[in-house]
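Have a look at the structure below before the remarks.
Values in this text are rule-based calculations from the coordinates and carry no lab data. Everything numeric in this text was worked out from a predicted model, so none of it was measured. Cβ coordinates were reconstructed from backbone atoms using ideal geometry, including for glycine residues, and neighbour counts include every protein chain displayed.
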Amino acid sequence: MGRKTRLVACAVSTFIAFFAVTSSLGNVIVRVDPQTALLLSPENAQIEAAYASNTYLNLSTQRERDEALLQARSAIIKDATAVDGLLTLAIDSEIDGDRDRAADIFEHVSRLTRREYRAQIWAIEEAVARGDITQAIKAYDLALRVSEQGRRVLFPVLAKAINESKIRRQLIDVLGTRPIWEKEFVNYLVANPAEPEALIALFNEGEGAGITIDSVSRSKIVDALYDSEKADAAWAYYRSFRGIQSADSSRDPEFTYEGDGRSTFDWRASDAPEVYAAINPAPEGGTVEFTFPSSGLVKVLEQGQRLPPGRYRFRATGSSAQNQTDANPFWIITCANGSEVARINLPEESGADWQFAGIVEIPRDCFSQNLALMLRPVSGFSNGVGIITSAQIKRVASGRD
């Protein structure tokens, strides 16, 4: 091979290598900087289409708009599958009021690739405009299957839409097919319960389709309802999955519940930094262990209540592990507005064995209550440990004290 031939071959190889590298770089850079990507790979129709789309969406003058449309058409001529170019023309037609042409282009893009979520979003809007809920939910399904970005955009919209029973029924049918986005969507709903009552309806109605949630998620929904001042709905939902028959007493008096999910109506240990507290459940009877604070009054254990007005008896047992005589915890019952209903102190000279007892009157204007164990500071006893083995407030039968 002569020197000239070798130089030509070298030049061709260098050109091919340069084109391959710059084209690859362009494909990467186009996601963040379409203009630079186009400079690196001017013959790449997909990059040219992306540049046209980016320019069109950020245009400020008619001239820039026209140039973007010319660029989009140029990309389509080079490659009829340049989706960004097609979508640019579709959006322009929509803006100009030519919905038929826009529809034709969007449908064409959908036939080219089902992974283009922007076309699916258009399909959603088109179906909604026609009042076609079934088709809208199908379009949601396609968009959510193909794009994580689509999920970030569409999950909040779909979460609000479940308040409509017709939409909810169609959504249940789709969720029953176990789409790839089902679990992520359910987790989103539980973490962002904008419509907790509609969310309960979705899960209750979806049981037949196999749509289930765990105890932690159920507890989050209870708390969302309660925190949004819907205590009646929160209590009703809690009773539905815990099998609670009556509101005339507190629950789990001997700390036997071993589930992961704990709502406002379950025993909850404090996470205050001043103390350590832990519920140790067991089928035969558990305990609550805690340390004492060295300063300040600290709530260490609590359970929300829905006790009807009337007379109740409170009992609790426990002990101080170090036989600390000045450890003087007490129980307090407050209404939802913070007003104190009752306080049950330890009898004097209780020593290490604790026996709490008292009669409590729940007034008629106190519809929700909180039962809590409070710890007073104990000097020189910051490492001491206390234990509660049982606690219950229960309605007194008529005619009995």
Going Cα to Cα from residue 299, which lysines come in below 28 Å? Please leave out same-chain ones fewer than 8 positions away. 220, 230, 394
Going highest first, how would you order 220-232, 279-291 by mean Cβ packing within 10 Å? 220-232, 279-291
Give a residue-ordered list of calculated ³J(HN,Hα) values for the range 265-280 (Karplus: 6.51 cos²θ - 1.76 cosθ + 1.60, θ = phi - 60°; whole Hz; x for Gly, Pro). 8, 9, 5, 10, 8, 5, 10, 5, x, 6, 9, 10, 9, 8, 8, 10
Write out the GluC sites (Glu not before Pro) in the range 74-179 meeting two conditions: DSSP loop, and at most 15 other Cβ atoms within 10 Å of their Cβ. 164
Compute the FRET efficiency between residue 394 and residue 149 as 1/(1 + (r/R0)^6), taking r as their Cβ-Cβ distance and R0 = 51 Å, and round to the nearest 0.05. 0.40
Sequence-distant aspartates and glutamates (8 or more away, or on other chains) whose Cα lies within less than 15 Å of residue 138: 107, 116, 125, 126, 173, 182
Which order do the peptides 209-217, 234-242 take when ranked by the mean count of other beta-carbon atoms within 10 Å per residue, highest first? 234-242, 209-217
